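Data block below; observations after.
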Amino acid sequence: MAIKQTYTELSGELQQVMAKLEQGELDIDEAVRCYERGLAIVKQLEDYLQTAENKVTELKASVLGQDDEE
C-alpha cells in the first residue's frame with residue numbers, strides 16, 4: 001500500500017520532476033517516465049484542491065445554516 005503524500009510533498013516532488021525535465025539530459029524513456037509521473041502528481045494535487053474546496057463549501061454552508069437558525 002502506498003503512503004499518501006501531503007500537498008507540500010507532492011508539490012516538491014513535482015518541482016523535482018520539472019527540474020529533471022528542464023535540464024534536458026534524460027534519455028527519451030526516462031523523460032517519458034518523468035512526464036508521466038508529473039501528470040500523475042498534477043492529478044493528485046488537483047484532487048487535493050478539489051477536496052479542500054469541497055470542505056470549505058461544506059463549512060460555509062454549515063456556518064450559514066447555523067446563523068439562519070439563530
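The values are calculated or read from the model by the stated rules, or taken from the named source; none is laboratory data. Because the structure is predicted, anything quoted here is derived from the model rather than measured. Backbone-built Cβ (ideal geometry, glycine too); neighbour counts: all protein chains shown.
Could you please tell me which pairs satisfy a Cβ distance under 6 Å, a separation of 6+ or placement on different chains, a first residue in the range 1-28 that is farther than 21 Å from Thr51 by Cα, and a second residue that is of a type in the set (Gly, Ala, Ser)?
Here the result reads Val17/Gly38, each pair linking the range 1-28 to a residue that is of a type in the set (Gly, Ala, Ser).
For (1) surrounded by 10 or more Cβ atoms within 10 Å (Cβ to Cβ); (2) closer than 17 Å to Thr8 by Cβ, each residue gets a yes or a no:
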{"position": "Glu25", "(1), (2)": "no, no"}
{"position": "Asp29", "(1), (2)": "no, no"}
{"position": "Tyr35", "(1), (2)": "yes, no"}
{"position": "Ile41", "(1), (2)": "yes, yes"}
{"position": "Leu45", "(1), (2)": "yes, yes"}
{"position": "Tyr48", "(1), (2)": "yes, yes"}
{"position": "Glu53", "(1), (2)": "yes, no"}
{"position": "Leu59", "(1), (2)": "yes, no"}
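Taking the range 5-24 on its own, how many of its residues are over 16 Å from Val42 (Cβ atoms) and modelled with pLDDT under 95?
Within the range 5-24, residues that are over 16 Å from Val42 (Cβ atoms) and modelled with pLDDT under 95 number 1.
Evaluate the following for Tyr35: is it touching a residue at least 24 places away in the same chain (Cβ under 8 Å) and within 25 Å of Thr6 (Cα to Cα)?
Working: touching a residue at least 24 places away in the same chain (Cβ under 8 Å): no; within 25 Å of Thr6 (Cα to Cα): yes.
So Tyr35 fails the test.
Go through the range 3-35 and give me each residue that's hydroxyl-bearing (Ser, Thr, Tyr) and in contact with a helix residue (DSSP H, G or I) (Cβ under 9 Å, 6 or more places away or on another chain).
Of the range 3-35, the ones hydroxyl-bearing (Ser, Thr, Tyr) are 6-8, 11, 35.
Across the range 3-35, the qualifying residues are Thr6, Tyr7, Ser11, Tyr35.
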